[in-house]
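Quick notes on the structure that follows.
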């Protein structure tokens, strides 16, 4: 589980623990006691890895397979949003960091997973509704999510029927990346007007879809994306005020 110490990744990790699924949680930085406490208490194990590099994604899968005595599932949830940081980063730096952590790492993780996973294994990538629909100030983030979706479809074709590859695409979920919207009453009201379910999503809302894609109940599903977005994609426009 990459990106598993906060937000959607942490919620999925807790969901796996609820089902008694042994797994490793991966993050680029040492988790805070708040982020890691409950996970550690319930038996999760932690690995540190920099997925922006060329070597560590593959090394991570090899190490996980060795530590766990095999590997039958992988969730790639790690990602960054840097498009708003042009004051300290160049456009090339923003593009490279975003693409490397989301899409290139996803590709390298998938390649090594295909070599080491048990037959019937399932790879789930967390992308975004922004993989198909764009918004302002997302010039790197949206293409990175779209590229990761492309990786998933290509791997699904390449490695079927032995392995499955699918994506989970959240909408506007309350995480560190969306805290500016959740904390601003006017922004939140405007966002909720455009969500048919009339509320921002919670990371826990993504858990059921992730567990479904990892498990046997989705054994004939590969190369697909499940959207957990409260109906945003189905909504052409919100009602006038």
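The values are calculated or read from the model by the stated rules, or taken from the named source; none is laboratory data. Every value quoted in this text rests on a predicted model; they were computed, and no experiment measured them. Positions of Cβ are generated from backbone atoms using ideal geometry, with glycine treated the same way; all protein chains shown enter the neighbour counts.
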Residues within the stretch 40-54 that are more than 20 Å from the chain's Cα centre (by Cα) and assigned to a loop (DSSP other than H, G, I, E, B), tallied: 2
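Within the stretch 29-39, can you find the residues that are crowded, with 16+ Cβ neighbours inside 10 Å and either part of a helix (DSSP H, G or I) or over 18 Å from the mean Cα position of the chain (by Cα) (or both)?
Kept after step one, since they are crowded, with 16+ Cβ neighbours inside 10 Å, are these residues of the stretch 29-39: 31, 35-36, 39.
Passing the criteria: 35, 36, 39.
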Residues of the stretch 56-95 classified as within 19 Å of residue 2 (Cα to Cα) and either free of Cβ contacts under 8 Å to residues at least 12 places away in the same chain or outside any helix (DSSP H, G or I) (or both), total: 17
Residue ID - surrounded by the most Cβ atoms within 10 Å (Cβ to Cβ), chosen from residues in the stretch 1-16 that are farther than 18 Å from residue 201 by Cα and modelled with pLDDT of 95 or more: 2
Residue under evaluation residue 26, criteria (1) crowded, with 18+ Cβ neighbours inside 10 Å; (2) outside any strand (DSSP E or B), criterion not met: (2)
Any chance residue 187 is more than 19 Å from residue 228 (Cβ to Cβ), touching a residue at least 60 places away in the same chain (Cβ under 8 Å) and either in a helix (DSSP H, G or I) or within 20 Å of the chain's Cα centre (by Cα) (or both): no
